[in-house]
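Data block below; observations after.
The values are calculated or read from the model by the stated rules, or taken from the named source; none is laboratory data. Bear in mind the structure is a predicted one, so any value in this text is a computation, not a measurement. Counting neighbours? That spans all protein chains shown, and the Cβs are built from the backbone with ideal geometry, glycine included. We work out accessible area using only protein heavy atoms, side chains counted, and drop any ligands, DNA or RNA first. Shrake-Rupley method; radii C 1.70, N 1.55, O 1.52, S 1.80 Å.
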Amino acid sequence: MAVIDSLAQRRSVYALNKELPVPQEQVVADIKRITELVPDAFNMRSQRVVVALGSKQDELWDAIYDVFGGKVAREKIDGFKAAAGTVLYFTDDDVVKGLQEQFAAYAANFPVWAAQSNGMLQISVWAGLRDLGLGANVQHYNPVIDDAVRKLFDVPESWSLVAQMPFGGIVAPAGEKAGENIDDRVKVFA
């Protein structure tokens, strides 16, 4: 099954470089297409994506380092900066609030549904990047970096940063993943 194979290949790869095995335009086109295809409740389309490439990739991670004032090791930040790009995931809170007002009976659920859709988008893009032969990992430096990201990419105030996904050529593969007894987490009743 292609979906299972893609998910099995998807791993947290930290040793990345700027050498892409496919054209950058293909990476961007796939991210756009995946963003279009990922479902969400009430077809709210609250997910927003910024793809940082080239000099903006470097500026992003330098800004993140600066925001933390040296509290995060330069080597760690430089590892993310070494990647070819970073996908920044956002939720547009104005979309969520608009639907909360329009469908008051479901108001409490819209933030949850938006978060679920963002998670589906992240795993879908991550698997899609892996299918292109790229490595990636997910970081969560928000909300500390929110203002720096907003300034660097001129994103609206209504966009809430959810995650950062550096991606690039694979310098070293991810380590082995420990197995588990999946029956401890999945129960089947018939």
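Here is a yes/no grid of residues against (1) surrounded by 15 or more Cβ atoms within 10 Å (Cβ to Cβ); (2) modelled with pLDDT of 95 or more; (3) of a type in the set (Phe, Trp, Tyr):
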site: Arg10; (1), (2), (3): yes, no, no
site: Tyr14; (1), (2), (3): yes, yes, yes
site: Glu25; (1), (2), (3): no, yes, no
site: Asp30; (1), (2), (3): yes, yes, no
site: Thr35; (1), (2), (3): yes, yes, no
site: Ala52; (1), (2), (3): yes, yes, no
site: Ala73; (1), (2), (3): no, yes, no
_What are the pairs with Cβ atoms under 7 angstrom where one residue, in the range 108-134, is open to solvent by 60 Å² or more (accessible area, probe 1.4 Å) and of a type in the set (Ser, Thr, Tyr) and the other, located anywhere, is in a helix (DSSP H, G or I) and modelled with pLDDT under 95? Sequence gap at least six, or different chains._
none
*asked:* Give me the residue from the range 150-165 that is among the polar types (S, T, N, Q) and touching a helix residue (DSSP H, G or I) at 6+ places or on another chain (Cβ under 6 Å) and, out of that set, least open to solvent (accessible area, probe 1.4 Å).
replied: Ser158
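Do we have Asp93 as among the charged types (D, E, K, R) and either touching a helix residue (DSSP H, G or I) at 6+ places or on another chain (Cβ under 6 Å) or open to solvent by less than 40 Å² (accessible area, probe 1.4 Å) (or both) here?
no
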_Quick test of your reading of the structure: Glu19 fulfils all but one of (1) open to solvent by less than 40 Å² (accessible area, probe 1.4 Å); (2) in contact with a strand residue (DSSP E or B) (Cβ under 7 Å, 6 or more places away or on another chain). Name the failing condition by number._
(1)
*Just need a number here: residues in the range 135-160 that are more than 24 Å from Pro173 (Cβ to Cβ) and either outside any loop (DSSP other than H, G, I, E, B) or in contact (Cβ under 8 Å) with a residue 40 or more places away in the chain (or both).*
16
*asked:* Cβ-Cβ under 6 Å, sequence separation 6+ or interchain: first residue in the range 58-80 and free of Cβ contacts under 8 Å to residues at least 40 places away in the same chain and farther than 19 Å from Ala136 by Cα, partner open to solvent by less than 20 Å² (accessible area, probe 1.4 Å) and β-branched (Val, Ile, Thr). Which pairs?
replied: Tyr65/Ile77
*Going through the range 136-149 one residue at a time, which ones are of a type in the set (A, V, I, L, M, F, W, C), surrounded by fewer than 18 Cβ atoms within 10 Å (Cβ to Cβ) and within 15 Å of the chain's Cα centre (by Cα)?*
Val138
*Residue within the range 166-188 that is open to solvent by less than 30 Å² (accessible area, probe 1.4 Å), assigned to a helix (DSSP H, G or I) and either without any contact (Cβ under 8 Å) to a residue 40 or more places away in the chain or among the β-branched types (Val, Ile, Thr) (or both) present*: no
